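K.L.:
Let me begin by handing over the structure; questions about it come next.
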Amino acid sequence: MTEELESLCKQLHISGMYQFTQEHQSENPGIEEFLIAACRAELDVRMMSRQIRALKLAGFPTQKRFDDLVLDALPQDGRNAIPELQTLDFVTEKKNVVMIGNSGTGKTHLAVATGVYACENNLKVLFKTASGLINEFLEAKRLGRITLAMKQFKKVELLILDELGYVTFDIEGSELLFQLLAARHEIASTIITTNLAFSDWVRIFHDKTLTAALLDRITHRAMILNMNGSSFRRRTNN
């Protein structure tokens with residue numbers, strides 16, 4: 001029990017309390033058991049606060065979880081990938097996940113569910129639409145803060161880049177996005193959802209050489225999920 005209290009006090013950065021307890025335990029026989037319970041409760045509160053803060057900072061459009069997925073509506077690749085995504089090993093291994101498919105097949109929901117789960121496991125996550133991220137970078141460049149913005153995004157353990165290909169960018173925006181994704185290569189994980197096959201990515205990045213270089217980095221050891229299928233939204237509206 002003494003070892004458990006010492007460990008809890010170290011986690012809470014209150015080693016002084018542990019020393020005090022050891023010195024005065026003989027005077028208060030039940031104090032150690034009481035303090036262990038109190039430290040456990042404090043750790044639980046702090047963990048919950050961290051999770052709430054992480055979920056808020058991630059910027060999810062909605063907090064969908066794996067339990068909310070309609071599995072029968074997901075394309076097979078999506079269903080099959082869930083157990084591996086839930087391990088979060090791809091984040092530890094700095095691998096990317098690319099979900100390719102038409103609109104309404106659950107790409108964003110699956111990406112968000114993975115991101116929410118990562119937040120709940122104490123990982124730093126950011127959710128951005130591709131167009132929103134480009135606009136942020138263009139504004140940061142205009143203000144002379146693009147280097148700082150790149151550094152901040154580079155540190156994010158899991159970046160979710162949603163709807164790549166739904167909106168086209170100019171060359172400047174495309175080059176900024178290339179810089180970010182290239183900088184994150186083998187340093188941090190990115191989940192990308194897109195409606196475009198890899199052969200069509202040149203429509204986003206304009207330059208064939210730049211597109212080929214980016215794809216080489218993004219797909220290196222990545223999970224590639226075919227998310228083509230019938231639109232769930234259309235089915236529910238019929």
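The values are calculated or read from the model by the stated rules, or taken from the named source; none is laboratory data. Everything numeric in this text was worked out from a predicted model, so none of it was measured. A quick note on method: Cβ atoms are made from the backbone with ideal geometry, for glycine too, and the neighbour counts reach across all protein chains shown. The area values use the complete protein model at the heavy-atom level, side chains included, leaving out ligands, DNA and RNA. Shrake-Rupley method; radii C 1.70, N 1.55, O 1.52, S 1.80 Å.
K.L.:
For the structure I just gave you, tell me whether GLN25 is over 30 Å from VAL112 (Cβ atoms), of a type outside the set (Asp, Glu), open to solvent by 70 Å² or more (accessible area, probe 1.4 Å) and modelled with pLDDT under 75.
P.N.:
Details: over 30 Å from VAL112 (Cβ atoms): yes; of a type outside the set (Asp, Glu): yes; open to solvent by 70 Å² or more (accessible area, probe 1.4 Å): no; modelled with pLDDT under 75: yes.
Criteria not met by GLN25.
K.L.:
Please go through region 129-143 and give me each residue that is assigned to a helix (DSSP H, G or I) and polar (S, T, N, Q), ordered by number. Spell out how you get there, then give the answer.
P.N.:
As a first pass, look at region 129-143 and keep what is assigned to a helix (DSSP H, G or I): 130-142.
Matches in region 129-143: SER131, ASN135.
K.L.:
Can you tell me which residues in region 161-197 are open to solvent by less than 50 Å² (accessible area, probe 1.4 Å) and among the β-branched types (Val, Ile, Thr)?
P.N.:
Passing the criteria: THR190, ILE191, ILE192, THR193, THR194.
K.L.:
Answer with yes or no whether LYS107 is within 19 Å of ASN80 (Cβ to Cβ), of a type in the set (Lys, Arg) and crowded, with 22+ Cβ neighbours inside 10 Å.
P.N.:
Yes: the conditions hold for LYS107.
K.L.:
To continue, here is another question. Of the residues in region 198-224, how many are touching a residue at least 12 places away in the same chain (Cβ under 8 Å), in a helix (DSSP H, G or I) and open to solvent by less than 70 Å² (accessible area, probe 1.4 Å)?
P.N.:
Of the residues in region 198-224, 9 are touching a residue at least 12 places away in the same chain (Cβ under 8 Å), in a helix (DSSP H, G or I) and open to solvent by less than 70 Å² (accessible area, probe 1.4 Å).
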